[in-house]
Amino acid sequence: MAQMFPGKFAYFEGAYIPIENAKISIMTHAFNYGTGLFEGIRGYYSEKKNAILIFRLKEHVNRLVRNCRILCMEISETSEDIENICIELVKRSGFKEGVYIRPIIYKSELSLGPLLKGVESKLCCYVIKLGDYCDITSGLDVCVSSWRRLADNAIPSRVKATGSYINSALAASEAKQAGFNEAIFLNESGMVVEGSAMNIFLVHQGELITPPRSESILVGITRNTIIELVKNELGLNVIERPIARTELYVADEIFFCGTGAQVAPVRSVDRRIIGDGQPGPITKKLQDIYFKIVQGENEKYSNWCTIVPCE
Ligand code: PMP
């Protein structure tokens with residue numbers, strides 16, 4: 001598990017305050033009912049530029065704000081404000097290493113009853129430093145979880161809701177307790193969905209396959225990035241279609257992707273070795289492209305990085 005140390009400041013109730021003072025009441029709606037919506041956004045430190053490069057900030061903020069509609073949330077800050085708050089917190093944190101930005105929109109009212117409409121919401125945000133969230137070099141040993149992924153008509157997983165991470169925590173904990181690094185969720189129909197906090201791609205005889213957005217996945221920003229890079233840089237297409245469990249076992253390559261996971265090769269699934277047990281050539285190529293882009297070393301995609309100069 002990556003080590004996390006909080007930055008000095010948080011954005012809370014409209015102001016930048018010391019993080020230790022950013023506290024909510026135990027009566028807060030979001031604390032009682034899991035009615036928070038959040039994002040996880042990475043910033044990479046570039047020594048060359050002496051700056052933190054926030055990866056796909058606009059896309060993350062866009063997903064956050066769009067998903068507010070599902071939870072009937074309205075806040076006073078605009079998308080532009082949220083972007084600026086993230087940038088300001090990175091500046092104030094003073095980190096010169098990888099960071100992780102966590103904006104949260106939460107139902108802030110001290111009211112009883114699991115309602116959505118008419119319950120006040122607020123924005124808060126903090127920054128921590130973050131290295132690799134999971135191994136990205138030798139490959140992860142993963143299992144198919146006995147826990148099923150939440151269905152869209154139960155708790156929609158396209159919403160990064162705080163409460164829905166109970167589902168992820170159950171699967172990830174089960175996997176770790178059984179000696180695996182990570183879990184793969186199936187949905188109620190037994191089709192492959194995603195990892196506990198990452199999307200999944202398979203390579204099968206030169207084709208890249210990933211579950212479609214209708215399959216109870218979080219539509220990952222990294223997933224969208226990979227789809228675009230596969231098309232632009234590898235000249236291949238990603239097929240978005242349901243994936244059966246046993247397709248995992250016969251895949252040539254499998255990798256996870258996500259803000260935390262980045263591009264993480266899978267070495268085995270349910271103790272069956274994938275390919276030759278080494279990160280495959282397509283996974284390695286994508287890792288290489290991805291890490292150059294997030295470090296600001298590929299001009300073509302420089303608009304994906306928001307540059308925050310360090311002091
Ligand atoms: N699925 C889940 C359940 C996640 O928590 C995450 C991490 N945010 C992802 C997929 C990957 O999404 P993204 O690439 O936007 O970080």
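FYI, it's all coordinate maths here, none of it is from the lab. Keep in mind that what you see is a predicted model, and the values were worked out from it rather than measured. Cβ: placed from backbone, ideal geometry, glycine included. Neighbour counts: every protein chain shown.
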Below 8 Å, C-alpha to C-alpha, sequence gap of six or more: please give me the relative contact order for the chain in percent. 21 percent
Among rounded, prolate and oblate, which fits the stretch 202-257 when a ≥ b ≥ c are the square roots of the eigenvalues of its C-alpha gyration tensor, a/c under 1.5 means rounded, and a/b larger than b/c means prolate? oblate
Which value, in debye to the nearest 20, describes the size of the charge dipole of the chain about its Cα centre when Lys and Arg Cβ atoms bear +1, Asp and Glu Cβ atoms bear -1, and nothing else is charged? 200 debye
For the stretch 76-146: rounded, prolate or oblate by the Cα gyration tensor [a/c cutoff 1.5]: oblate
Looking at the chain from every direction and averaging, what is the projected area of its Cα convex hull in nm²? 15.6 nm²
Once the Cβ-Cβ distance between residue 16 and residue 169 is put in as r, and R0 is 45 Å, what FRET efficiency do you end up with, to the nearest 0.05? 0.90
Using a Gaussian network model on the chain with a 10 Å cutoff between Cα atoms, which of 116, 229, 140 fluctuates the most? 116
Ellipticity estimate at 222 nm from DSSP helix runs (n ≥ 4, -39,500 (n - 2.57)) divided over the chain, nearest 500: -7500 deg cm²/dmol
Not counting the cut sites, what is the longest span of the chain without trypsin sites (Lys or Arg not before Pro) that DSSP labels loop and that have at most 11 other Cβ atoms within 10 Å? 118-270
Multiply the residue separation of residue 247 and residue 288 by 0.36 nm, subtract the distance between their alpha-carbon atoms, and state the gained length in nm to one decimal. 12.2 nm
Only Lys, Arg, Asp and Glu count, each charged at its Cβ (+1, +1, -1, -1), so figure out the dipole size of the stretch 9-129 about its Cα centre, rounded to 20 debye. 420 debye
Between the residues 190, 100, 143, the Cα farthest towards the positive end of the dipole of the chain, that dipole coming from +1 and -1 charges on the beta-carbon of Lys, Arg, Asp and Glu, is from 100
Compute the whole-percent fraction of alpha carbon pairs in the stretch 140-294 spaced more than 20 Å apart. 44 percent
So which of 91/176; 58/96; 122/160; 96/176; 160/284; 58/91 end up more than 26 Å apart, counting from Cα to Cα? 91/176; 96/176; 160/284
In the stretch 80-123, what GluC sites (Glu not before Pro) fall in a loop by DSSP, with at most 15 other Cβ atoms inside 10 Å? 97, 120
Fully extended contour minus Cα-Cα distance, from residue 69 to residue 228, at 0.36 nm per residue: 54.6 nm
